[in-house]
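S.K.: Before we start, here is the structure in question, set down as structure tokens.
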Amino acid sequence: MKRIIPTAEAALQAVSHAACIIGGWFVILLSFGICVEVVLRKVFNASLQGIDEYGGYALATTASLGLAYCFYEHAHIRIDLVVRKLPRPVGRLLAVLAIAILGVVVAMLALEAYRLTEESQMFGAFSNTPLRTPMVYPQAIWTAGFCLFFLAILVRLLHLFQTVLTGDEAGTAELLGENASGAGSVDGARVQGLE
């Protein structure tokens, strides 16, 4: 049981990394499509129909696919000005509480995204454009990103409880991003040569 949670988290990290790469390819394809669209409009007075529609889908799905990866990289915005001044146990408790609250919010987002996707599937919803894109496809990718993010938060909370119960201070600090939090500070910026 001791290795199950860290193994599950490592697997989720790998999946989130792959999802982030897929999202990155969506953005690259979108950029290529926009370049082709600009050239076609300026040179040939023609247009790729729907590049703006698919651009919206690409941005929405890319955003949701990158959430779990950002979570693992501690790249989500955290304002910890007050928390850093608190005693370490209190700061850690607040950090775990913040992750738990984030998990509740993401669970609600994932549930509503799933319901929307299910409804689109049930009614055969299409986009209100000439392309008539079946809405279930971009919505399913969007929902998958939220579900992956929720799973990442859930497994991270389980892993945190495991490290706390076993007394693994270094593991707890790493999971909470305490080692990474200095990189965003003024001292971290000086060390990295940004200032």
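The values are calculated or read from the model by the stated rules, or taken from the named source; none is laboratory data. Note that the structure is a prediction, hence the values are computed from the model and not measured. Cβ atoms come from the backbone with ideal geometry, glycine included; neighbour counts cover every protein chain shown.
S.K.: So which of 50, 55, 66 is in contact (Cβ under 8 Å) with a residue 60 or more places away in the chain and farther than 22 Å from residue 153 by Cα?
M.R.: None of the others qualify; the one that does is 50.
S.K.: Of all residues in the stretch 89-104, which are surrounded by 12 or more Cβ atoms within 10 Å (Cβ to Cβ), farther than 10 Å from residue 157 by Cα and either in contact (Cβ under 8 Å) with a residue 24 or more places away in the chain or not hydrophobic (A, V, I, L, M, F, W, C) (or both)?
M.R.: Scanning the stretch 89-104 gives 91, 92, 95, 102.
S.K.: Look through 129, 143 and report the one residue that is in contact with a helix residue (DSSP H, G or I) (Cβ under 9 Å, 6 or more places away or on another chain), among the polar types (S, T, N, Q), under 30 Å from residue 29 (Cα atoms) and surrounded by 19 or more Cβ atoms within 10 Å (Cβ to Cβ).
M.R.: Being in contact with a helix residue (DSSP H, G or I) (Cβ under 9 Å, 6 or more places away or on another chain), among the polar types (S, T, N, Q), under 30 Å from residue 29 (Cα atoms) and surrounded by 19 or more Cβ atoms within 10 Å (Cβ to Cβ) holds for just one of 129, 143, which is 143.
S.K.: Scan the stretch 89-98 and give yes if some residue there is farther than 27 Å from residue 168 by Cβ, under 20 Å from the mean Cα position of the chain (by Cα), in a helix (DSSP H, G or I) and among the small types (Gly, Ala, Ser), otherwise no. Give the steps one after another, and end with the answer.
M.R.: Step one: of the stretch 89-98, the residues farther than 27 Å from residue 168 by Cβ are none.
Checked against the condition, which is being farther than 27 Å from residue 168 by Cβ, under 20 Å from the mean Cα position of the chain (by Cα), in a helix (DSSP H, G or I) and among the small types (Gly, Ala, Ser), the stretch 89-98 yields no hits at all.
S.K.: Regarding residue 58, is this residue not charged (D, E, K, R) and not in a helix (DSSP H, G or I)? Walk me through it before giving the result.
M.R.: Values: not charged (D, E, K, R): yes; not in a helix (DSSP H, G or I): no.
No: the conditions fail for residue 58.
S.K.: Now for a separate question. Take residue 81 and decide whether it is aliphatic (A, V, I, L, M), assigned to a loop (DSSP other than H, G, I, E, B) and either surrounded by fewer than 19 Cβ atoms within 10 Å (Cβ to Cβ) or touching a Cys at 6+ places or on another chain (Cβ under 8 Å) (or both).
M.R.: Details: aliphatic (A, V, I, L, M): yes; assigned to a loop (DSSP other than H, G, I, E, B): yes; either surrounded by fewer than 19 Cβ atoms within 10 Å (Cβ to Cβ) or touching a Cys at 6+ places or on another chain (Cβ under 8 Å) (or both): yes.
In short, yes.
S.K.: Residues 73, 119: which one is acidic (Asp, Glu) and within 16 Å of residue 12 (Cβ to Cβ)?
M.R.: After applying the criteria, what remains is 73.
S.K.: Does residue 26 satisfy being buried (at least 18 other Cβ atoms within 10 Å of the Cβ), of a type outside the set (Val, Ile, Thr), modelled with pLDDT of 85 or more and under 29 Å from residue 133 (Cα atoms)? Before you say what the answer is, go through the steps one by one.
M.R.: Working: buried (at least 18 other Cβ atoms within 10 Å of the Cβ): yes; of a type outside the set (Val, Ile, Thr): yes; modelled with pLDDT of 85 or more: yes; under 29 Å from residue 133 (Cα atoms): yes.
Yes, satisfied.
S.K.: Which one is surrounded by the most Cβ atoms within 10 Å (Cβ to Cβ) among residues in the stretch 159-175 that are aliphatic (A, V, I, L, M) and more than 22 Å from the chain's Cα centre (by Cα)? Give the derivation first.
M.R.: Taking the stretch 159-175 first, the residues aliphatic (A, V, I, L, M) are 160, 164-165, 170, 173, 175.
Checking which are more than 22 Å from the chain's Cα centre (by Cα) leaves us with 164-165, 170.
Details: 164: 16, 165: 8, 170: 10.
Out of the qualifying residues, it is 164.
S.K.: Is it the case that the stretch 55-76 has a residue that's buried (at least 17 other Cβ atoms within 10 Å of the Cβ), touching a Gly at 6+ places or on another chain (Cβ under 7 Å) and at pLDDT below 90?
M.R.: Yes.
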